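A short worksheet on the structure shown next.
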Amino acid sequence: MHLGQSRDLARTQGEANLAAWSAEAAGTGAAALDPGQVVMDQLRVAALRADIYGELLRIQVAGEDVDGLVGPTYAVGREGTKVETGERVRGLAGLEAEWRDRVVRFAKAAHDMGIAERVVELEQQRAELVTGAFLAAIDALGLVPGDRSRAIEVFLDRLEPGRSVAGEVVA
């Protein structure tokens, strides 16, 4: 509990957090959301948007249209006239910076949640599953040693980086 925060407020926030992450706890019967998956999805969206805004910004700068990047700020003066008070980042430059900051925040959240380690573990489990299934299929076919070696060779050849296996690109 934070100083200055009532127990009721802390309890309400905790219940809201539980309800937000678990539809089951909220009683709707829907599947619970995985916080790690939500963070990774938001990280992907933020990275894509930041890249798009960055590319648009690059095009604007390449076209030497830099007037839209930084501009003056104004306020009303004592006599009711417009007075320049400084400069600020404008539109596209501000959006790009905002989304880059979001990428960093989501990446930090993913790191703090241990998502990178979890992704590696899941990929290792997937690899073990595929290898086990392949070897079981080879054994079930009862291939002679020469055909068995050729099947394994073709399988491994198909796993080279950049190739597509069952709709997924091998890294």
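The values are calculated or read from the model by the stated rules, or taken from the named source; none is laboratory data. No experiment lies behind these values; they were computed from the predicted model shown. Ideal geometry is used to build each Cβ from the backbone, glycine not excepted, and the neighbour counts take in all protein chains shown.
Return the only residue of PHE134, PHE106 being modelled with pLDDT of 80 or more and over 21 Å from the mean Cα position of the chain (by Cα).
Numbers: PHE106 fails: over 21 Å from the mean Cα position of the chain (by Cα).
Result: PHE134 is the single residue among PHE134, PHE106 that is modelled with pLDDT of 80 or more and over 21 Å from the mean Cα position of the chain (by Cα).
Looking at region 79-92, which of its residues are within 21 Å of ALA47 (Cα to Cα), in contact with a strand residue (DSSP E or B) (Cβ under 7 Å, 6 or more places away or on another chain) and of a type in the set (A, V, I, L, M, F, W, C)?
Residue satisfying the conditions is VAL89 alone.
Of everything in region 95-128 that's among the small types (Gly, Ala, Ser) and surrounded by fewer than 13 Cβ atoms within 10 Å (Cβ to Cβ), which residue is nearest to GLN60 (Cα to Cα)? Write out each step before concluding.
To start, the set of residues in region 95-128 that are among the small types (Gly, Ala, Ser) comprises 97, 107, 109-110, 114, 116, 127.
Cutting the leftovers down to surrounded by fewer than 13 Cβ atoms within 10 Å (Cβ to Cβ) gives us 114, 116, 127.
Details: GLY114: 38, ALA116: 35, ALA127: 45 Å.
Among them, the one singled out is ALA116.
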